[in-house]
Amino acid sequence: MVDRILVGNIGGGVYGIKVSKAGIDVKTGDDAQMMFDSRAANTRVIMSGSIPTINAGGSLGTSRRKVDNVEIQLPALEYEPLVFLNFISKTNPAITGIPASALLGMAWMSGIYYVNPKDYTDFRWVAATNKLVVNALCVKNDYVDPNYAMYVQFLVFSNRSN
Amino acid sequence: MAPRVLIEAGKVRVSKPGVDVTATSLLRPDELLLSEGTQSLGILMTGQATATRYAEDGNPSYNGAQIMLPYDLGYVPFVLSQRVFLADEAINTPAFSEINRIDVATADYGYYLYPMTDRLLYFKWGGTTTDDVVFRYVVYYVKGG
């Protein structure tokens, strides 16, 4: 079994901590083979969740879902964090070749180019209250379950937004 | 030299180089490499694959790419993906792009990513005249929400 944790002088007179990937000797592995290196910047998730959508109405009826100025309370922070948003839905049972009614994310939303306004997700951070205010709009394309409401998922990272 | 590792009741922290870990606060999580109550962005899987041409036959069918995860996570993971532009494509140099849909000489190139609990699902946008799309992906352990 190889050594995987190194605490102390990790090389070049630098003191810190390194943890290698399974099967890799922490003393000889290169940077890409490390799970953790105290010399390297990293990112962590400080909060995640999902927001239920409502019917957007309009010309596309119930096939378009939205989030309108929903507030998310974040933990107290002294800066605006980096945030990622996208939609979560389920596969359409009528589509062949993929699991029926399985949960899936929509990384770039519906892709339907002719709708107006176009699909989007956006947010703003309110420093005074440490809240995110989220807006979003997305059409259900053929690949998602027309009977599933859809959610907006969010990830809040430890990095500063700028 | 500033102390950088702190382990005590309710706290496990490693600060960035030059930052005194005893002076850190969760109000400033970017000062920390590791801290209690936060999840590191560990990588589950990376790779490169191809989404084949989508034959729009008018029926709701799938013709793209499916990349199976090592196991069913039970939740939808966070995934980053970029299209790989090859040397002979529009911009004449290998590159990566976050753009998921472009028009090149009236041909329509595009792809869409659907991360699932046990696989990545890609499909292309466009008709039979468009080419396959090559993309790379990074799947993180992080639950999307």
*Long-range amide H contacts for A:Met47: which residues qualify at under 5 Å (H placed 1.01 Å from N, peptide plane, sequence gap of 5 or more or a different chain)?*
A:Val156
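Could you work out the equivalent-ellipsoid semi-axes for region A:4-162, taking the square root of 5 times each eigenvalue of the Cα gyration tensor, largest first, in whole Å? The partial results should precede the final answer.
Values: eigenvalues 324, 100, 25 Å².
Value: 40, 22, 11 Å, ordered largest first.
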*asked:* Give me the 1.4 Å probe accessible area per residue for region A:32-103, excluding ligands and nucleic acids, in Å².
replied: 46 Å²
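Work out the length of the dipole vector of chain A about its Cα centre, built from +1 on the beta-carbon of each Lys and Arg and -1 on the beta-carbon of each Asp and Glu, and round it to the nearest 20 debye. Walk me through the intermediate numbers first.
Working: 15 positive and 13 negative charges, 29 e Å.
With only Lys, Arg, Asp and Glu charged at Cβ, the dipole is about 140 debye.
List the relative contact order of chain A as a percent without decimals, with contacts defined as Cα pairs under 8 Å and 6+ residues apart. Before the final figure, lay out the partial values.
On the way: 326 pairs, mean separation 44.2, N = 162.
In percent, rounded to a whole number, it is 27.
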*At a probe radius of 1.4 Å, figure out the B/A buried accessible area, summed over both chains, and give it in Å² to the nearest 100.*
3800 Å²
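Based only on Cα atoms, what Rg/Rh ratio does region A:19-63 have, Rh being taken as Kirkwood's radius?
Details: Rg = 22.1 Å, Rh = 14.9 Å.
Using only Cα positions, Rg/Rh for region A:19-63 is 1.48.
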*Cα centroid distance between region B:27-45 and region B:3-22, in Å?*
13 Å
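The values are calculated or read from the model by the stated rules, or taken from the named source; none is laboratory data. Everything numeric in this text was worked out from a predicted model, so none of it was measured. No Cβ is skipped: glycine too gets one built from the backbone with ideal geometry, and neighbour counts run over all protein chains shown. Quick note on the areas: whole protein, heavy atoms, side chains included, nothing else; ligands and nucleic acids left out. Shrake-Rupley method; radii C 1.70, N 1.55, O 1.52, S 1.80 Å.
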